[in-house]
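First the structure, in the form of structure tokens, and then the observations on it.
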């Protein structure tokens, strides 16, 4: 799986001027911004509260690794790293649900640590143990697809019912909603399409891509949902997840109005990224989401071929 990541990074560096590997590329500027906002305990705030946040910290580790940066280079004055904070959370016994477990599993793997013995926990085994009798991980399609991507990265064989549960959750418009019976959204659909990129479910993928294409905004980005009572302006988080899905499924970005160009236009002078044009300012969660996308890397970049029983 690490060979696949290395090859993807190599290919990206050779063929794409947008994703060129040099010290001026936007992703490295974004990483320097993230280093400047790291908490003393090694973690990162989501921006919604001052305390370090586990999902955000895990996402920083994943984003750094996908940009070819060692996550352990994020060291505070107290010599804490993001893994220090993540380990403390796992040791506390509070990382038990499918979504957080999946993010931690990917982050630990991305950092090159042993996922079978991290803080005396076998993360993949614990994630597998959360699957319901119906084959579902977590509380809905987003958690389920995140778990699927984590297991793909770990090289685990997918348990019976995993893929079937994902297919059953697809809405009539081709997308997926965050939870059962919710309308489709771009975030969940983008994540699920990344998971499906390593399967032979071509018709399902095609329907998901058609949903995304139907609600893409003119400048190349995506909103969380359309229609939506909260507006349909493009946001960087949604656009990043969709871009990763397009990359994972081998789409020609020219045919999708080059969404990476819109993402790059949202970077601030500090290196961070705005969430939306109407809400300028360095947004930590948005910045973390954008880094892998503008590097041309899907979330399951460590995965090989994964089989389902």
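Each reported figure results from applying straightforward, stated rules to the coordinates on display, with no laboratory input. The shown structure was predicted, so the numbers you read here are calculated from the model rather than taken from an experiment. Using ideal geometry, Cβ is built from the backbone for each residue, glycine included, and neighbour counts are taken over all protein chains shown.
Quick rundown of the values:
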item	result
Distance between the range 218-272 and the range 139-211 - C-alpha centres, whole angstrom	19 Å
Debye log10 I(q)/I(0) for the range 197-270, one point scatterer per Cα, at q = 0.14, 0.17, 0.23, 0.27 Å⁻¹	-0.45, -0.65, -1.07, -1.33
37 °C / 0.692 mPa s Stokes-Einstein diffusion coefficient of the range 78-171, Kirkwood radius on C-alpha pairs, µm²/s	243 µm²/s
When the range 148-268 is reduced to its Cα atoms, the Kirkwood hydrodynamic radius in Å	14.7 Å
Residue list for the range 194-210, given a label point 7 angstrom along the Cα-to-Cβ vector of residue 232 and an amide N cut-off under 17 Å	210
The chain, helix-only ellipticity at 222 nm - DSSP H runs n ≥ 4, -39,500 (n - 2.57), divided by all residues, nearest 500	-14000 deg cm²/dmol
Kirkwood hydrodynamic radius (C-alpha pairs) into Stokes-Einstein, the range 210-252, 20 °C and 1.002 mPa s, D in µm²/s	202 µm²/s
Exposure proxy ranking, count of Cβ atoms within 10 Å, fewest first, for 59, 97, 233	97, 233, 59
Sequence of 88, 228 once ranked by neighbouring C-beta atoms within 10 Å, starting from the fewest	228, 88
Ranking of 205, 290 by count of other Cβ atoms within 10 Å, fewest first	205, 290
Rg followed by Dmax, in Å, when the range 20-74 is reduced to its Cα trace	11.3, 35
Semi-axis lengths (Å, descending) of the ellipsoid that matches the C-alpha gyration tensor of the chain	26, 25, 18
Förster radius 41 Å - calculated FRET efficiency between residue 120 and residue 257, Cβ distance, rounded to 0.05	0.25
